[in-house]
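K.L.:
Below are the structure tokens for one structure; questions will follow.
The values are calculated or read from the model by the stated rules, or taken from the named source; none is laboratory data. Just so we're clear, the structure is a prediction, and the values are computed from it rather than from any experiment. We place every Cβ from the backbone using ideal geometry, glycine too, and count neighbours over all the protein chains shown.
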């Protein structure tokens, strides 16, 4: 499961087209959109606090930009 998946499931509260909660294997586009907005807003807050330079903010922007199936390895959780 990617970080983007985990964030989308955390945001899902059943107010989505699936009637929620979304199943892990089929997270809806509404929950993905909402979780991306949260990730980008958190990144903006971190940049404001840290003078526009934050590796954590960059990471959160990456999580918010992730598109399932696009092969963006930055989303994969490492287990090493």
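K.L.:
Name the one entry in 68, 17 that is surrounded by fewer than 13 Cβ atoms within 10 Å (Cβ to Cβ), touching a helix residue (DSSP H, G or I) at 6+ places or on another chain (Cβ under 8 Å) and either at pLDDT below 85 or not in a helix (DSSP H, G or I) (or both). Walk me through it before giving the result.
P.N.:
Values: 68 fails: surrounded by fewer than 13 Cβ atoms within 10 Å (Cβ to Cβ).
After applying the criteria, what remains is 17.
K.L.:
How about the stretch 26-61: which of its residues are surrounded by fewer than 16 Cβ atoms within 10 Å (Cβ to Cβ) and part of a loop (DSSP other than H, G, I, E, B)?
P.N.:
50, 51, 52, 53
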